[in-house]
Structure formats: C-alpha cells, structure tokens
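> The structure's right below; bear with me while I get my questions together.
The values are calculated or read from the model by the stated rules, or taken from the named source; none is laboratory data. As the structure is a computational prediction, the values presented were derived from the model and not from experiment. When we count neighbours, we look across all protein chains shown, and the Cβ atoms used for this are built from the backbone with ideal geometry, even at glycine.
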Amino acid sequence: MNTASKADRALALCKEYDRLLCEISRNRDEISRASEKCDRMVTYSGGPLGKGVSYNAVPDGGNTCIGDVFEGYLTDSNFEPERRYYTETEALEIIGDCEGCMKVYLAVQARKANRMKLGAVKRSIRALGRIA
Ligand SMILES: [Zn+2]
C-alpha cells in the first residue's frame, strides 16, 4: 500500500468510525424514546388534588414486553435454577403486536450490529497504524 492509498484508507476509516458513532447514538435515542410506548402501559396522574405530573407505568408493577424479553427466564430443570434468554423467535412472539416494544427490540439489534462494525473499524485503524 503506497502512502497516498494509506491516507485514503485512513480517511475512509475515520468517516466510517464517525458514521457508526452517530448511528449508535441514534439507536440509543430510539431505545429510550420507544420504551415508554409499550401497549401494557397505562397513564396515571398524580400530585395533590389530582393536579401535577402524569406518568406511564405498567399496572401492578408489571413489566413491558421488551422488559420480559430481556429479563429472560429461570430454568428449573437443573440442579440450581439458571437464567436463560429467549431466542429471536420467542422474543418476537412475546412482543407480538406491541409497536413500541418492537421498535426497541429492532433498535437494540441494530445497535448490537453497529457496535460489531465499530469494533471491526477500530481493528482496521490499528492494523493501518502498524504499517504506516
Ligand atoms: Zn410492549
């Protein structure tokens, strides 16, 4: 690799690095915004004399669909209970028609993929640095 092509490659990697950080930040925003829109949530209004803040919560201290998915479940088949996590198919079944939780689930998967790509870009930057 000659010096000019190394510089081009370095610039391309810098652009990709920045693009991925922006994507991950967008994924994070999506996750925090959509998590308040679960179908299981009910709006409560509190404060003195019924005035004041209103907030959303799942009744009886329950979990959102996405909360159930990420919490997983405990097995009782082994010697000691063990926490297991749902497969993608099971997760999608739990989420069902809940649009808010589906948005969170997809954003979490996208963030995971973007973080893996970011790792690859970092390794490429390092490899380029070594031959520079
Ligand atoms: Zn939900």
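> Name the one entry in Leu118, Leu74 that is more than 14 Å from the chain's Cα centre (by Cα) and at pLDDT 95 or above. Can you show your working first?
Working: Leu74 fails: at pLDDT 95 or above.
None of the others qualify; the one that does is Leu118.
> How many of the residues making up segment 93-111 are more than 9 Å from the ligand (Cβ to nearest atom) and either within 15 Å of Asp29 (Cα to Cα) or touching a strand residue (DSSP E or B) at 6+ places or on another chain (Cβ under 8 Å) (or both)?
8
> Tell me, please, whether a residue that is among the hydrophobic types (A, V, I, L, M, F, W, C), surrounded by fewer than 15 Cβ atoms within 10 Å (Cβ to Cβ) and either at negative phi or in a loop (DSSP other than H, G, I, E, B) (or both) can be found in segment 97-112.
Filtering segment 97-112 for residues among the hydrophobic types (A, V, I, L, M, F, W, C) gives 98, 101-102, 104, 106-108, 110.
Next, from what is left, pick out any that are surrounded by fewer than 15 Cβ atoms within 10 Å (Cβ to Cβ): none.
No - not one qualifying residue is present in segment 97-112.
> Which residue is surrounded by the most Cβ atoms within 10 Å (Cβ to Cβ), if the candidates are limited to segment 10-66 and must be among the small types (Gly, Ala, Ser) and touching a residue at least 12 places away in the same chain (Cβ under 8 Å)?
So in segment 10-66, the residues among the small types (Gly, Ala, Ser) come out as 10, 12, 25, 32, 34-35, 45-47, 50, 52, 54, 57, 61-62.
Next cut, touching a residue at least 12 places away in the same chain (Cβ under 8 Å) only: 10, 34-35, 57, 62.
Working: Ala10: 15, Ala34: 19, Ser35: 17, Ala57: 15, Gly62: 13.
Checking each candidate, the answer is Ala34.
> For Thr89, which of the numbered conditions (1) surrounded by 10 or more Cβ atoms within 10 Å (Cβ to Cβ); (2) over 30 Å from Thr3 (Cβ atoms) fails to hold?
If we test Thr89 against (1) surrounded by 10 or more Cβ atoms within 10 Å (Cβ to Cβ); (2) over 30 Å from Thr3 (Cβ atoms), just (1) comes out false.
> Return the residues of segment 64-92 that are more than 14 Å from the ligand (Cβ to nearest atom), part of a loop (DSSP other than H, G, I, E, B) and closer than 29 Å to Leu20 by Cβ; say none if nothing qualifies.
Let us first name the residues in segment 64-92 that are more than 14 Å from the ligand (Cβ to nearest atom), namely 72-90.
Still in the list and also part of a loop (DSSP other than H, G, I, E, B): 72, 76-81, 85-87.
Result: Gly72, Tyr85, Tyr86, Thr87.
> Right, here's the next one. May I ask you to say which residue of Gly50, Gly67 is over 30 Å from Ile131 (Cβ atoms) and at pLDDT below 90?
Working: Gly67 fails: at pLDDT below 90.
None of the other options fit; the residue is Gly50.
> Run Pro59 past the list (1) more than 14 Å from the ligand (Cβ to nearest atom); (2) more than 23 Å from Arg111 (Cβ to Cβ) and report the number of the one that doesn't hold.
(1)
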